[in-house]
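Comments concern the structure below.
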Amino acid sequence: MTLIIKLKKDVSNEAIETFKQAIEAKGFTLKDIGSEETTMFGVLGDTKTLDVRDVLAYEIVSDAVRIQSPFKEASRSFHKENTVITLKNGATFGNDESVMIAGPCSIESHTQLDTIAAYLSTQGVKVLRGGAFKPRTSPYSFQGLGLEGLKMLYNTGQKYNMAVISEIMNKEDLDTFNTYTDIIQVGARNMANFDLLKALGKAKKPIMLKRGLSATIEEWLMSAEYIMAHGNHEVILAERGIRTFETYTRNTLDISAVLAVKELSHLPVIIDPSHAAGKYSMIEKLSLAALAVGADGLMVEVHNDPENALSDGAQSLKFDRFSDMMQNLKTLSHAIKRPLQ
Ligand code: PEP
Ligand code: MN
């Protein structure tokens, strides 16, 4: 539980300083969460050991309440403004625009990646995705090209001025990902790999944290908290469908997760309709829904030859479908005054 302390109006800066020092002397850190009208602090640390009555004993305190939120750094009550994350080529998450991330599920060859990236750059896509280390359900499925694939992704991104994102599976690969990616993706299967999350707190790049297959929104935000508590505040959340009793779609897209995250947190949140639906025919409509609900971005799988893709062909869009989708997304983004980057 988190402790929020509100001070009375018109208290001198000196009195505030003395109060802060007194609380910090007890081993806590105070985070300023006030606004122009109110002076307010969130207490960081093991607040169970801090008695609310002791805090209320200070004359300048008007209120001290415990709130249920188990996450702090990720919580909107600790950080009112949206976190805005800007990549080297200007793509920006969290600023009332939406970013399109697109590319193949897996990097399969230089030609495949170059063909897809060349096409996507004609569509104005600023962020290229591509898996090099693949978390496949079966050990017999294609496992990705590994480091060789990551280098291809990096070089292709440079060639087309696109930022690149790829999934990390192992914390030992962090230096490599710091070098070759612009966003480091944590896949759904690793959302609760706390060792990995702690290591990513030391990453030099923003992290895209996918929601776990069966994770609640709170568990997902707690995973973001791990990364933030270890030093990296640039976290983008990605809803990619959750497991329900339904089998018609690959997963069930929880569209309301965007709204829930916006209420609970200041972090940007995007939608990955590809892994949610598992069917290419549903991607455009789900993407429109994602923009309508205010997602900070989309991540869509695109392939030059989905029938022969080494992974996730069934949910990958061919170029002409992607172009049609972009047209319709732009029309919507214009209507709702939320530009699509
Ligand atoms: C992916 O993005 O290629 C991927 C494996 O996604 P998820 O972790 O959401 O299944
Ligand atoms: Mn995939």
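The values are calculated or read from the model by the stated rules, or taken from the named source; none is laboratory data. This structure is a prediction, so every number in the text was calculated from the model and none was measured. Cβ: placed from backbone, ideal geometry, glycine included. Neighbour counts: every protein chain shown. Remember, those area values only see protein heavy atoms, side chains included, never the ligands or the DNA or RNA. Shrake-Rupley method; radii C 1.70, N 1.55, O 1.52, S 1.80 Å.
Laid out as a table, the results:
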| quantity | calculated |
| --- | --- |
| Helical contribution to [θ] at 222 nm, DSSP H n ≥ 4, -39,500 (n - 2.57), averaged over the chain, rounded to 500 | -10000 deg cm²/dmol |
| Pairwise label distance in nanometres, residue 247 with residue 172, each label 7 Å out on the Cα-Cβ vector | 3.8 nm |
| Carbon plus sulfur fraction of accessible area for segment 2-67, probe 1.4 Å, in percent | 47 percent |
| Global geometry of segment 1-68, whether rounded, prolate or oblate, following the gyration tensor of its Cα atoms and the 1.5 cut on a/c | prolate |
| Where 141, 166 fall by accessible area, highest first, once all protein chains stay in place (1.4 Å) | 141, 166 |
| Beta bridges per DSSP with both ends in the chain, % antiparallel, nearest 5 | 40 percent |
| Violating pairs (Cα-Cα greater than 22 angstrom) within the set 6/31; 80/126; 26/204; 204/337; 151/279; 134/330 | 80/126; 26/204; 204/337; 151/279; 134/330 |
| Protein-only accessible surface order, largest first, of 10, 195, 114 at 1.4 Å | 10, 195, 114 |
| Gyration tensor (alpha-carbon) shape descriptor, the chain, a/c threshold 1.5 | prolate |
| Heavy atoms of residue 321 accessible to a 1.4 Å probe, total area in Å² rounded to 10 | 110 Å² |
| Accessible-area ranking of 181, 137, 38, largest first, probe 1.4 Å | 137, 38, 181 |
| Degrees, to the nearest 10: 283-292 long Cα axis against longest axis of the chain | 30 degrees |
| Proximal aspartates and glutamates to residue 8, defined as alpha-carbon separation beneath 12 angstrom and excluding residues fewer than eight positions away on the same chain | 37, 59, 63 |
| Value of relative contact order over the chain, rounded to a whole percent, pairs C-alpha under 8 Å and six or more apart | 16 percent |
| Accessible area expressed per residue, the chain, with surrounding protein chains retained (probe 1.4 Å, Å²) | 44 Å² |
| For residue 214, solvent-accessible area (1.4 Å; no DNA, RNA or ligand), Å² | 90 Å² |
| Shape call, segment 1-143: gyration tensor on alpha carbons, a/c limit 1.5 | prolate |
| Carbon/sulfur fraction of accessible area - segment 85-335, other protein chains in place, 1.4 Å, % | 52 percent |
